[in-house]
1. Could you grab me the full set of residues in the stretch 617-628 that are at pLDDT 90 or above and either surrounded by 14 or more Cβ atoms within 10 Å (Cβ to Cβ) or of a type in the set (A, V, I, L, M, F, W, C) (or both)?
2. Would you call Asp454 buried (at least 16 other Cβ atoms within 10 Å of the Cβ) and at pLDDT 95 or above?
3. So which of Thr47, Thr19, Thr12 is modelled with pLDDT under 90, surrounded by 11 or more Cβ atoms within 10 Å (Cβ to Cβ) and polar (S, T, N, Q)?
4. Any residue in the stretch 70-90 that is assigned by TED's automatic domain parsing to the domain that holds Thr141 and in contact (Cβ under 8 Å) with a residue 12 or more places away in the chain sitting within a Cβ distance under 7 Å of a residue that is surrounded by 16 or more Cβ atoms within 10 Å (Cβ to Cβ) and aromatic (Phe, Trp, Tyr)? List the pairs, counting only those 6 or more apart or interchain.
5. Can you find a residue that is in a loop (DSSP other than H, G, I, E, B) and farther than 24 Å from Asn238 by Cα anywhere in the stretch 106-126?
6. Name the single residue, out of those in the stretch 22-43 being over 24 Å from Arg176 (Cα atoms) and modelled with pLDDT of 85 or more, that is surrounded by the fewest Cβ atoms within 10 Å (Cβ to Cβ).
7. In the stretch 544-566, what residues are surrounded by fewer than 19 Cβ atoms within 10 Å (Cβ to Cβ) and among the aliphatic types (A, V, I, L, M)?
8. Given the condition under 46 Å from the mean Cα position of the chain (by Cα), farther than 18 Å from Thr399 by Cα and of a type in the set (Asp, Glu), answer yes or no: does some residue in the stretch 454-476 qualify?
Amino acid sequence: MANKTRLLLFATLLLAVGTSRAWAQNPFSIDGIVTDANNSGVAPGATKTLDQNGNVKELGPVNSSTTKIGVINSAPLPMLGTSNPNGQTDLNTVYTQSKVVGTDLWFYFGWVRDANSGSGFISIELQRSAVTQACNYATMTDAQLIANCNPWAGRQDNDAIILWDQSGSSTALTYRLYNSALQAFSAPVTIPTSIGVAQFSADGFRGEAAVNISALVAAQANQCLTFANIIPGTVTGNSDSADYKDTVLSRFPLASNCGVVKVTKETLNGAGTAFTGTGSEGPFPFTLTAGTVPIFGGSVDSDCGTGSSVNTCVGSLAAGGSFAEISDLLGKTTYTLVEGTIPAKWEKVKIVCGGVELTAAVPTFTVTAGQTTECTITNKLKQGKLIVYKVVTNNNGGTLVASDFTIDLNFGGTTSTAAGNAAGAEYNLNDGVTYSVDETTVPTGYQKTGLSTDCTGTIVANTTKECTVTNNDVPPSLTLTKVVHNNAGGTAQASAFTLYAKQGGVTILSGTGGATSGATFQAGTYDLSEDPVTGYSIEQVGGQDWVCTGGGTKVGNTITLGIGQSASCTITNQDAKATPTGVTTQRVRLFDKLTITGIRTGAATAGTVTFRVYSDSQCATQITSESSVAITLATPNSATSNGTAETSVVVEATGVGTQPKVFYWTAQYTGDVRNTGFTRGCGKETTTTNIQDDPGTP
């Protein structure tokens with residue numbers, strides 16, 4: 001809220017003579033000394049303001065019909081210019097101060113000029129309205145002021161001008177009140193010495209005066225007089241048509257018999273730092289009172305809202321440094337400032353007025369007339385708590401701990417990272433802050449397996465939310481595969497082979513024809529092997545029994561796998577060629593022929609001969625099957641004829657040692673209807689061979 005000051009309208013003009021009121025005594029010592037730059041002789045505490053002087057041109061009203069005393073407030077821009085007043089009207093130093101005695105406002109004015117002779121009037125105009133930013137004397141250049149500023153533009157009813165005629169070292173003071181309807185000041189009225197005193201220095205270069213401003217207006221109970229714009233200077237006379245000669249343009253301290261309370265809202269984040277949210281946070285109501293007695297010396301201040309009265313100011317502020325300046329407050333020692341019902345997510349921290357914290361033990365503070373009392377109401381956002389836990393499950397050989405993981409945090413749009421904390425990392429956050437917790441980068445060998453429900457949400461005051469980020473080590477994966485090549489007539493399949501992955505001789509993974517690890521498989525070093533199968537051998541590939549692809553480290557028939565690594569290992573078997581043995585057996589073919597003479601022909605057949613071979617001379621052991629051969633007649637058409645029959649057999653050397661072997665033949669002629677059969681006796685035909693036993697395998 002903008003700084004502002006207000007004044008109750010002046011009432012009816014009051015002549016001091018004949019009044020029954022006992023005006024407060026002058027608090028200033030007026031002797032006109034004002035001797036040096038150290039303010040000797042000046043009222044203690046007076047504000048000293050230097051003004052340009054000598055041959056220097058200085059800023060002031062231009063001399064025209066629109067800049068006379070009576071109408072200068074409505075002079076069109078530009079109405080200021082630069083000029084060099086003559087010495088007796090050129091002020092180089094002024095002193096101002098106000099004091100309140102009882103409820104009376106006394107105003108002090110001291111001056112120093114360049115020359116000590118000549119005519120003219122000292123003038124002090126007192127305006128209730130503060131000068132606008134268009135007349136910011138501290139920051140604007142003369143050119144900017146000339147283009148934008150009319151210091152008298154805020155003039156309104158009952159603003160006052162005090163005049164002091166310099167001619168003949170007069171000490172008489174007069175005053176006039178402005179009438180906006182007439183656009184003119186009232187006629188000059190002499191100020192009695194009981195309420196207005198002036199004095200020249202002996203050399204005429206200096207002077208000082210004090211006036212009871214309250215005595216210039218009709219007195220009424222609890223009346224406030226506040227002047228925000230004070231314009232000292234010199235003029236040519238005391239009429240509306242007088243011209244300005246010199247003006248001292250500056251922001252002078254307020255002259256007021258009432259106080260001002262500036263209530264500022266300080267809002268803090270829950271951590272105690274300045275709240276950076278929007279100014280729309282609120283409202284934060286407050287109530288200013290002084291017990292049950294009136295606090296205003298005029299109308300209720302505009303910074304006070306509904307529910308306010310002459311005894312109470314009820315206002316409200318927004319977060320982030322907003323303020324209300326409550327003026328026209330009567331000086332009292334019993335002021336209280338309390339805060340009303342504030343938004344639920346805020347809490348009151350403290351109220352400090354005039355540098356003192358208001359508590360149950362010290363509930364009141366003092367408002368001093370003519371001064372601004374600074375009050376600050378501090379509120380802090382309530383906080384909720386977020387606890388972020390990191391859980392790491394190492395059930396497959398992992399070794400990382402919670403602090404090895406990075407947690408991603410987003411609090412109200414502000415991102416950051418933090419190491420995982422198994423015990424839980426605590427964050428105190430303002431009520432209403434949205435947040436999210438995640439883990440976007442996971443260490444090798446681990447996987448994010450869960451975010452609990454409260455890993456995203458909105459903070460609630462006085463509430464603790466817990467977020468758990470869970471990681472699990474990823475089991476290594478090992479696949480064992482059997483390949484069988486049956487190139488030599490083998491018939492075994494992969495399922496005939498059992499494959500193993502062992503640690504210290506203990507089987508961890510096995511399977512017929514192959515095997516694949518599961519969720520409980522551990523990181524570590526494994527020896528790979530298989531059960532042999534008769535007739536099959538390992539077929540090396542690249543000089544290796546086992547061929548592994550993927551991750552891990554393989555040395556010989558050993559593979560080492562870390563968490564999250566995957567490998568597939570294959571072993572190939574080839575069927576072996578058969579390895580027969582040989583035993584030689586000597587064999588010979590024996591021939592035998594039977595010739596029969598004197599066969600009577602004419603029968604249907606000439607008969608047959610059955611040959612038998614025996615291994616012994618008794619013809620007890622027949623070693624070959626017998627062979628029956630039909631008789632072949634030499635001359636079948638004759639009455640008699642010779643006939644023959646012959647055969648051959650193969651015999652082997654069996655159990656005959658190294659000696660020649662003799663085979664014994666018998667031949668049995670069957671005869672026919674015309675011929676009688678016969679049998680050749682055992683041993684009639686023998687065959688001797690060199691067949692020997694097998695000496696052994698090759």
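The values are calculated or read from the model by the stated rules, or taken from the named source; none is laboratory data. What you see is a predicted model, and the numbers here were worked out from it, not measured in a lab. A quick note on method: Cβ atoms are made from the backbone with ideal geometry, for glycine too, and the neighbour counts reach across all protein chains shown.
1. Cys619, Ala620, Gln622
2. Working: buried (at least 16 other Cβ atoms within 10 Å of the Cβ): yes; at pLDDT 95 or above: yes.
In short, yes.
3. Values: Thr47 fails: modelled with pLDDT under 90; Thr12 fails: surrounded by 11 or more Cβ atoms within 10 Å (Cβ to Cβ).
That would be Thr19, the only listed residue that is modelled with pLDDT under 90, surrounded by 11 or more Cβ atoms within 10 Å (Cβ to Cβ) and polar (S, T, N, Q).
4. Between residues of the stretch 70-90 that are assigned by TED's automatic domain parsing to the domain that holds Thr141 and in contact (Cβ under 8 Å) with a residue 12 or more places away in the chain and residues that are surrounded by 16 or more Cβ atoms within 10 Å (Cβ to Cβ) and aromatic (Phe, Trp, Tyr), the close pairs are Gly70/Phe185; Ile72/Trp152; Asn73/Trp152.
5. Let us first name the residues in the stretch 106-126 that are in a loop (DSSP other than H, G, I, E, B), namely 114-120.
Restricting the remaining residues to those that are farther than 24 Å from Asn238 by Cα gives none.
No, the conditions are met nowhere in the stretch 106-126.
6. As a first pass, look at the stretch 22-43 and keep what is over 24 Å from Arg176 (Cα atoms): 29, 31, 33-43.
Still in the list and also modelled with pLDDT of 85 or more: 29, 31.
Values: Ser29: 15, Asp31: 12.
Across the stretch 22-43, the extreme among qualifying residues is Asp31.
7. Val547, Val555
8. Keep residues of the stretch 454-476 that are under 46 Å from the mean Cα position of the chain (by Cα), which gives 454-476.
Filter once more, keeping what is farther than 18 Å from Thr399 by Cα: 454-468.
If we keep only those that are of a type in the set (Asp, Glu) too, we end up with 454, 466.
Looking through the stretch 454-476, at least one residue is under 46 Å from the mean Cα position of the chain (by Cα), farther than 18 Å from Thr399 by Cα and of a type in the set (Asp, Glu).
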